[in-house]
Amino acid sequence: MDAPITDYRPRGLTPQQVLEHFSAPGPTPDDCWTWSGPVNRYARTVYGVVTIDHVPWNAHRLAWVLAHGEPPPGVEVMHECDNGTCINLRHLRLGSHQQNMQDAVDRDRIAYGERQGAAVLDDGLVLQMRQWHREGMSYTDIARTVGVSINAARFAVIGTTWKHLPLEAS
Ligand SMILES: [Zn+2]
């Protein structure tokens, strides 16, 4: 993060309590869940920020990590709703910011996601999807989470596509 951050250090609250303290759920579970705490006003897209044990977090990333764990390296938590201050998990998904377009050139990627106008996968994300599948997540949920079609998710998980990646965790 290169932009200045509005620092805030919550005292005596767990990260989950911080999220609850600073967010206002919309009228329905599908509405944006707007962050009311400090924001990074200098970013191109304004988003919620908070400091946990001296570590600055984007609020939506913190929400994702508390619910799903750390994304793989290079994978970012993105908004489907284009509302940077939203922390509704239903509006967040994983995606690679820089890699996905460039890597496509070099690899034997079959661009199901691209053809269908959906998100683009990359190595880290495919490995994460295979991990989720081992943990019992359905193809439908995996597809929804990463923003590709159910077939694209299934093919990536079972190895029809992305053959160069291991099927099992190393
Ligand atoms: Zn939203």
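Taken together, the values in this text are just the output of simple stated rules run on the coordinates, not laboratory data. Keep in mind the model is a prediction, meaning the values are calculated, not measured. Don't worry about glycine lacking a Cβ; one is built from the backbone with ideal geometry, like all the others, and counts go over all protein chains shown.
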Estimated FRET transfer efficiency when R0 is 45 angstrom, pair residue 168-residue 45 (beta carbons, to 0.05) = 0.75
Across every pair of different alpha-carbon atoms, what Kirkwood hydrodynamic radius in Å does the stretch 15-95 reach?
-> 12.6 Å
Run the quick spin-label model on residue 36 and residue 52: label points 7 Å from Cα toward the beta carbon, then report their separation in nm to one decimal.
-> 2.1 nm
Short version: ³J(HN,Hα) in whole Hz for each residue of the stretch 151-157, in order, from phi by Karplus 6.51 cos²θ - 1.76 cosθ + 1.60 (θ = phi - 60°), x for Gly and Pro, what are they?
-> 4, 4, 5, 5, 4, 5, 5
